[in-house]
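Below is one structure, written out as structure tokens; comments come after it.
The numbers here are math on the coordinates, done by the rules we state, and not lab data. Bear in mind that the values here come from a model prediction, so they are computed numbers and not experimental data. Cβ coordinates were reconstructed from backbone atoms using ideal geometry, including for glycine residues, and neighbour counts include every protein chain displayed.
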Amino acid sequence: MDDPRRNQPIGRGAHVNPANRFAQTRLEPAFEQVGYDDEFVAESANPRTQYLPDDSRSIVTENDSPDVPFRYSLNPYRGCSHGCSYCYARPTHEYLGFSAGLDFETKVLVKHKAPELFREFLSRPSWRPEAIALSGVTDCYQPVERDLQLTRRCLGVALEARQPIGITTKNALVVRDLDVLRPMAGLGIVHVSISVTTLDQSLTKTLEPRTSSPEARLRAVRALSEAGVPVAVLVAPVIAGLTDSEIPAILAAAAEAGAMRADYQLLRLPLCVRSIFLEWLARTHPLQQRRVETMIRSTHGGKLSSSEFGERMSGSGVVADQIGQLFRTFARTHGLDGQLPPYDCDQFRALPTSTGQLRLF
């Protein structure tokens, strides 16, 4: 018999597993076959996060998108247990044979050799130092980092090599690594951006269920600032009709916490992310569902996402322009419209490889 609890995963942003667009078949749970198997129902309502080994042989990826402010990125994890219902990175899980829904946040691939691979990358004779983003896709400080410390170890490699690093995270766990970030800041080789979507913890609990609270993120901004680490706040994503009204309050709180700069990105819902987010919206905000969806579409030419360079992140149309103007006005008011100090790439020094061999040039 159907059990109403089966589609209510606890603490997850996605409650569905959309079909993988690359797969020819998909599995559908047949709950009517299990009767009242309480153990099975309980497990389906609270799926455990699995951490699977990723044996990638490289760790730094390159992109040439004009919308992305970095060329190189380093990702110790694929998939993210933060479970943000809107995450643009969800479709990347489909390349691994998983769903972008619950699978994305419950089947996380771990690159256990990330620090060693990073060291190998920085020992290449062809490497000409420029900033590397950590992470460019999923969050490098998601909860499992507390135990595995792969991000921390990668930062240790960067400090040894004097390699500039730009960190973006939603997790206050970043302050654990102040002992590494502080000397990196002294060398001018690190920036940190803390993403703040909303100041409403009740909204965070369903929208970004396993991230740090807004208050904890702002405390992290303050701790980083007081330690001399250049820190920015990224208001992202701005959800038209739902969180755009919070922009002035978020920027005021960011400035008060010591942020040096703020940026924003509008929500975009590419591919299967649209079904995951719309299911979340209907489930958590049924009375606002139609209005919010209409507002989102108004920022992307009637669609839920745009693939046009120059519009993907900031949108287009009257509503997008109003949000952009609101953000710029209050960023200027609070002194958050400047730039973070430039990275110093001149101090980079070659590291020996795992064999101890130094490069000649």
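Some notes on this structure:
- Neighbour counting of Cβ atoms within 10 Å sorts the residues 95, 77, fewest neighbours leading, into 95, 77.
- Under 14 Å, Cβ to Cβ, from residue 256 - net charge with Lys/Arg +1 and Asp/Glu -1: +1
- Residue order, fewest to most beta carbons within 10 Å, for 308, 208, 130: 308, 130, 208
- Helix content alone sets the calculated 222 nm mean residue ellipticity of the chain: runs of n ≥ 4 DSSP H residues at -39500 (n - 2.57) each, divided across all residues, give -9500 deg cm²/dmol.
- Calculated P(r) of the chain - Cα pairs past 31 Å, %: 36 percent
- Additional length obtainable on full extension of the chain from residue 245 to residue 57, 0.36 nm per residue less Cα span: 63.2 nm
- One quarter of the surface of the convex hull around the alpha-carbon atoms of the stretch 274-338 equals 5.6 nm², the direction-averaged projected area.
- Proximal lysines relative to residue 205, as straight alpha-carbon distance under 18 Å, when same-chain residues fewer than 8 apart are discounted: 170
- Mean-square fluctuations from a GNM of the chain, with a 10 angstrom spring cutoff on Cα atoms, peak among 180, 231, 273 at 180.
- Cα gyration tensor shape for the stretch 51-263, rounded if a/c is under 1.5, else prolate or oblate: oblate
- Considering only the chain, percent of DSSP beta bridges that pair antiparallel, nearest 5: 20 percent
- DSSP beta bridge pairing in the stretch 51-263, given as percent antiparallel to the nearest 5: 20 percent
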